Amino acid sequence: MKQELRQVSLPVEGMSCAACVAKVEKALRNLPGVEKVVVNLATGKAVVNYAPERATIPAMVETIGKLGYQVPEEEVYLTVRGMECAACAAKVEKALKALSGVIEVSVSLPAETARVKFYSGAIDKGRLKEEIKALGYEATEKLTGQEALDREREARQREIRRQARNMWVAWPLALLVMLGMFRNVWIFPYFVPPFLSNTLVLWLLTTPVVFIPGWQFFINSWNGLKRGVTDMNLLYATGIGAAYTIATINALWPQAGFGGKGATFFESAALLTAFIVLGRYLEALTRGRTSEAIRKLMGLQARTARVLRDGVELEIAADEVAIGDIVIVRPGESIPVDGEVIEGYSAVDESMLTGESIPVEKRPGDRVIGATINKTGAFKFRATRVGSGTVLAQIIKMVENAQATKAPIQKLADFVAGHFIAAIHVLALLVFFFWFFFGFDRFFIPTSRFILSPYSLAEIGVFGFALLLSVTTLVISCPCALGLATPSAMMAGTGKGAENGILFKGADAVEATAKLQAVVFDKTGTLTKGEPAVTDILTLPGFERREVLRLAASAEKNSEHPLGEAIVRAAGIEGVPLAEVADFEAVPGKGIEARVDGRPVLLGNRRLLEERGLAIDGLLPLAEKLEEEGKTAMFLAVDGRAAGVIGVADTLKEYAAEAVKRLKQMGIEVAMLTGDNRRTAAAIARQVGIERVLAEVLPQDKAGEVKKLQEQGVRVAMVGDGINDAPALAQAEVGIALGGGTDVAKETGDIILIKDDIRDVVKAIEIGRATMRKVRQNLFWSFVYNSLGIPIAAGILYPFTGLLVSPELAAFFMAMSSVSVTLNTLLLKRFRPSWSDA
């Protein structure tokens, strides 16, 4: 029989001539299973007819790659609605991975997102969506911005309304069925009419419960089974279907041999459905709240903007603002896009993006970030970034991407959840056979009953008894809690980070951050401000401090040397007026000389003054004191005699010492890495409280120093500016780029800190640890719940206690287990890292 052929059109990059075409055609034609190959240079595509049983797309791509060409990869984010448990996510993953041309799939249940990487041309986005829809779920390409927010809210409200309608059907009827079944017990005979206990009436009441609210489970199970995949719906459908079918047979044909009239347990089918629907309703209410941080960020986006075009003030939609537009912002308004202030003065509240509660002053030349709130004055700014290029859009994209990734700790949970359904069905069968063939005769107690139920099990017979335990085993098991444990906590953790201006690039970064044992700081620009500043002005008798600063700054005002600029800045800060300068001359490697107000001035290192024959003995002790502190000493001489020493140094950032102290309290070793000489490095380290100093390290050797620490078995984070520190950031378990500011998307590193505040390193580690605590709590609860719940449901305690868990109580426990995981995760919203308002 002839094999059915498939055709694929692969884009090939790098071909430049007919010889390239011939080479690709020949190589592909030699692959087993390839029947026909046509390569077109103009379109840059290879059309291949092949037998899928013998040839694969990855083999074709590998062959093309070996020739020196590339088949481009594409990535798409899809929103998948309707997934209810980890097995649903596993089902979608399995179905998409089975498609030819798909490279990698990651499905996040709480984020309702599927990230799919595939070869361009091998498969299209439409085919991916069709496959998901065929499983019974909704699939759309992930939207961004306000449209995504509106669509998500609408979908969530629709699901809440659907499950609420199901509850209105299930609960009133299920309660009537329960009253009918228990009519002869306790006080019920006084007010429950006799007809309600009639088996035919109970059947009529139960049937709509099973086939209206419960129908969703049968449909979803069938959609999965058609493609050879299973999920929680199959557990529900099997449990409800078995209880209802046997109860119906025993009600209508009591002589059929399935337990007779005593085994018409309609209340199990009805209450089982009602409790599962209640669980679905509660999940729909709570699940969306773990991703609240993203929705909060999206909600910050301004809807409108006021722009000046051709001298006319216009109000337009924020997404219509173009780069270069002049935007007007008034007090209390949200800034629509990113830009640079050109006119006016104000204070802007940036807390929603950076977590910084104090408004930031903005003057001409300062940058403003879209979605922040203008507090006091009015100003105009020139738009520099719009649409998906704004800081807010980049932050949202980065957080969404992080929430679509999986942490290493999740692998075990995913493996268990993926194989859970089949294992539970096998276990339920074993439970049935055990109690039917052996356990009932040996252990059955006629007076036994269900927990929290006065209902006696004496009349249900061996078949009914074995079936009830089997159904209870099916229903009590819950891979949902297991599947939600990690991703829901990761969503909450990355959201909490975003609220504090800390962007985790993936769930793996959160997990790695929680395990850190050492933090290595780059010195320049990380612990220090990265620009020299005047720290000391020391004078000899006969000279005043302010006069020394005036003369030095005046002499340096035309200088471009960083140390000279630092002195001029210091004079500006202190309000010292500068004098006219004449005869300015730079002395290479030594300093400068000039005339200020007609007075000769020398400013530079000691060699400059010594060469001019000036006595500097009085300045040397002052200079040595400054140099011991890691500062550069600049000698000043006026009118031919020594006047004073100015200390210039790269100053520590605010809160650096505070952050280092907190890291040590957390049990984390702190080190400093710098290219500076040992004396300067040691001086900075002393000020900040760091004992371990790695000095005189060239930029290219920084990664090697990090590796040396790792070889000692230490898990290391490297904190740098993300530019010359890139190799070291990549080498460390966690690379932290400090002060990402407005270029968050371009930064190297696993964590991007928006603010230039070193305390955010501490916050990142605290958030990572708090998130992983929640993950461990959730996983512990999930494993303990299933480890205890399943054996108890199977009747392991029955021989000793005579008590059993009913199917409906099992359904309640199952619903509560996944809801409890979500509620526990939501407690993370209350977590406050150090120095935080968010």
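The values are calculated or read from the model by the stated rules, or taken from the named source; none is laboratory data. Please read all numbers here as calculations on a predicted model, not as lab measurements. Every residue, glycine among them, receives a Cβ derived from its backbone with ideal geometry; neighbour counts consider all protein chains shown. Surface accessibility is based on the protein's heavy atoms, side chains included, excluding ligands, DNA and RNA. Shrake-Rupley method; radii C 1.70, N 1.55, O 1.52, S 1.80 Å.
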### Flag for A586 being within 30 Å of A681 (Cα to Cα), without any contact (Cβ under 8 Å) to a residue 24 or more places away in the chain and touching a strand residue (DSSP E or B) at 6+ places or on another chain (Cβ under 6 Å)
no
### Summary
Residues in region 80-101 that are touching a residue at least 60 places away in the same chain (Cβ under 8 Å), surrounded by fewer than 24 Cβ atoms within 10 Å (Cβ to Cβ) and of a type in the set (K, R) total 2
#### Entry: Checklist (1) over 21 Å from the mean Cα position of the chain (by Cα); (2) modelled with pLDDT of 90 or more applied to A114, failing item
(1)
### Message
Residues to consider are V693, V670, V697; find the one that is at pLDDT below 85, more than 21 Å from A566 (Cα to Cα), open to solvent by less than 50 Å² (accessible area, probe 1.4 Å) and in contact with a helix residue (DSSP H, G or I) (Cβ under 8 Å, 6 or more places away or on another chain).
### Response
V697
### Summary
Of the residues in region 183-198, those that are open to solvent by 30 Å² or more (accessible area, probe 1.4 Å) and either touching a residue at least 60 places away in the same chain (Cβ under 8 Å) or part of a helix (DSSP H, G or I) (or both) number 8
### Task
Can you work out which of the residues in region 650-665 that are open to solvent by less than 80 Å² (accessible area, probe 1.4 Å) and not in a helix (DSSP H, G or I) is nearest to D756 (Cα to Cα)?
K653
### Message
Can you find, within region 413-444, the residue that is nearest to N778 (Cα to Cα) among those that are open to solvent by less than 60 Å² (accessible area, probe 1.4 Å) and of a type in the set (V, I, T)?
### Response
V416
### Query
Quick check: anything in region 466-473 aliphatic (A, V, I, L, M) and in a loop (DSSP other than H, G, I, E, B)?
no
#### Entry: Failed criterion for N223 (all others in (1) open to solvent by 30 Å² or more (accessible area, probe 1.4 Å); (2) closer than 15 Å to A134 by Cα; (3) in contact (Cβ under 8 Å) with a residue 40 or more places away in the chain hold)
(1)
### Query
Got a number for residues in region 781-801 being open to solvent by 20 Å² or more (accessible area, probe 1.4 Å) and of a type in the set (S, T, N, Q)?
2
### Query
Can you find even one residue in region 10-19 that is more than 41 Å from the chain's Cα centre (by Cα) and not in a helix (DSSP H, G or I)?
yes
### Task
Give me the pairs, please: first residue somewhere in region 788-814 and of a type in the set (G, A, S), second residue anywhere and open to solvent by 20 Å² or more (accessible area, probe 1.4 Å) and in a helix (DSSP H, G or I), beta-carbon distance under 6 Å, and either six or more positions apart or on two chains.
A811/F275
### Message
Taking the criterion of being part of a helix (DSSP H, G or I) and hydroxyl-bearing (S, T, Y), would at least one residue in region 249-266 satisfy it?
### Response
no
### Query
Does G501 satisfy the condition of being open to solvent by 10 Å² or more (accessible area, probe 1.4 Å) and either within 48 Å of the chain's Cα centre (by Cα) or closer than 30 Å to W835 by Cβ (or both)?
no
### Task
Scan region 600-637 for residues that are in contact (Cβ under 8 Å) with a residue 60 or more places away in the chain and among the aliphatic types (A, V, I, L, M) and jot them down.
L619, L622, L626, M634, L636
### Query
How many residues are open to solvent by 30 Å² or more (accessible area, probe 1.4 Å) and part of a loop (DSSP other than H, G, I, E, B) when one looks only at region 311-329?
4
### Subset tally (residues that are closer than 21 Å to K397 by Cα and either of a type outside the set (A, V, I, L, M) or open to solvent by 40 Å² or more (accessible area, probe 1.4 Å) (or both)) for region 113-138
5
### Filter pass, G228 being over 22 Å from F463 (Cβ atoms) and open to solvent by 10 Å² or more (accessible area, probe 1.4 Å)
yes
### Task
Could you grab me the full set of residues in region 45-79 that are of a type outside the set (A, V, I, L, M), open to solvent by 20 Å² or more (accessible area, probe 1.4 Å) and over 35 Å from the mean Cα position of the chain (by Cα)?
K45, N49, P52, E53, R54, T63, K66, G68
### Task
Might you check whether a residue that is modelled with pLDDT of 90 or more, among the small types (G, A, S) and assigned to a loop (DSSP other than H, G, I, E, B) occurs anywhere in region 200-220?
yes
### Task
Among residues belonging to region 510-536 that are of a type outside the set (G, A, S) and surrounded by fewer than 20 Cβ atoms within 10 Å (Cβ to Cβ), point out the one that is modelled with the lowest pLDDT.
T524
#### Entry: Unique residue being in contact (Cβ under 8 Å) with a residue 24 or more places away in the chain and in contact with a strand residue (DSSP E or B) (Cβ under 7 Å, 6 or more places away or on another chain) when the list is A404, A393, A492, A485
A404
### Query
Does region 621-642 hold any residues that are of a type outside the set (D, E, K, R), open to solvent by 40 Å² or more (accessible area, probe 1.4 Å) and more than 15 Å from A552 (Cβ to Cβ), and which are they?
P621, G640
### Task
Answer yes or no: is there a residue in region 596-610 that is open to solvent by less than 60 Å² (accessible area, probe 1.4 Å), of a type outside the set (D, E), farther than 24 Å from D676 by Cβ and in a helix (DSSP H, G or I).
yes
### Query
For region 330-373, how many residues meet the condition of being of a type outside the set (S, T, Y), within 25 Å of R309 (Cα to Cα), open to solvent by less than 40 Å² (accessible area, probe 1.4 Å) and assigned to a strand (DSSP E or B)?
7
### Query
Which one of these is touching an Asp or Glu at 6+ places or on another chain (Cβ under 7 Å) and part of a helix (DSSP H, G or I): A703, A683, A717?
A683
### Query
helices (runs of 4 or more DSSP H) wholly in region 742-834 with at least 2 residues that are over 17 Å from the mean Cα position of the chain (by Cα) and more than 30 Å from L429 (Cα to Cα) - which ones?
759-793, 807-826
### Query
Conditions: (1) open to solvent by 10 Å² or more (accessible area, probe 1.4 Å); (2) modelled with pLDDT of 85 or more. R449 meets all but one. Number of the miss?
(2)
### Query
In region 374-389, what residues are closer than 16 Å to D349 by Cα and open to solvent by 60 Å² or more (accessible area, probe 1.4 Å)?
K375, T376
